[in-house]
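The values are calculated or read from the model by the stated rules, or taken from the named source; none is laboratory data. In this text, all values refer to a predicted model and were calculated from it rather than measured experimentally. Cβ sites come from the backbone with ideal geometry, for glycine too, and all protein chains shown count toward neighbours. Note: accessible area is taken over every heavy atom of the protein model, side chains too, but ligands, DNA and RNA are not part of it. Shrake-Rupley method; radii C 1.70, N 1.55, O 1.52, S 1.80 Å.
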Amino acid sequence: QLQLMESGGGLVQAGGSLRLSCASSGRINAITSMAWYRQTPGTQRELVARIIASGNTNYADSVKGRFTISTNKARNAVYLQMNSVNPEDTGVYYCNAQTPCGPVWGQGTQVTVSS
């Protein structure tokens, strides 16, 4: 069974940087892509960034040029480097892995950007 664990959230001032990490354990060879989503109260979870097995990435328009998604060589962890953050980046960030059996989610980590 695949499990995901996020870390690195916290409070940051607008204009600052934060790095989120997500470690996977279990059936990591079943992962076809990994991604970061975020959610704020009363809204649906939205895609922030995704990286697929080939290394190709895609980003939400709101974070392009500011956020970078990456994985480690073993491809059992995914990171989100968040630069030039703004209050609109506040939310709970969830790590996601796609597998042939469906999506797997982490518990989420809170990111709060103060103005």
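Brief remarks follow.
- Complete set of residues in region 26-47 that are under 22 Å from residue 101 (Cα atoms) and within 13 Å of the chain's Cα centre (by Cα): 33, 34, 35, 36, 37, 45, 46, 47
- Strands (runs of 3 or more DSSP E) contained in region 75-115 and holding at least 1 residues on the phi > 0 side of the Ramachandran plot: 91-99, 102-105
- Scope region 7-40; condition touching a Leu at 6+ places or on another chain (Cβ under 8 Å), under 13 Å from residue 106 (Cα atoms) and of a type in the set (A, V, I, L, M); matching residues: 20, 23, 35
- Filter result for the condition that a residue is touching a residue at least 12 places away in the same chain (Cβ under 8 Å) and open to solvent by 20 Å² or more (accessible area, probe 1.4 Å), over 72, 56, 76: 76
- Complete set of residues in region 86-105 that are modelled with pLDDT of 95 or more and of a type in the set (Ser, Thr, Tyr): 90, 93, 94
- In region 93-111, residue nearest to residue 78 (Cα to Cα) [restricted to those that are in contact (Cβ under 8 Å) with a residue 24 or more places away in the chain and exposed (fewer than 15 other Cβ atoms within 10 Å of the Cβ)]: 105
- Test for residue 42: is it in a loop (DSSP other than H, G, I, E, B), in contact (Cβ under 8 Å) with a residue 60 or more places away in the chain, on the phi > 0 side of the Ramachandran plot and loosely packed, with under 12 Cβ neighbours inside 10 Å: no
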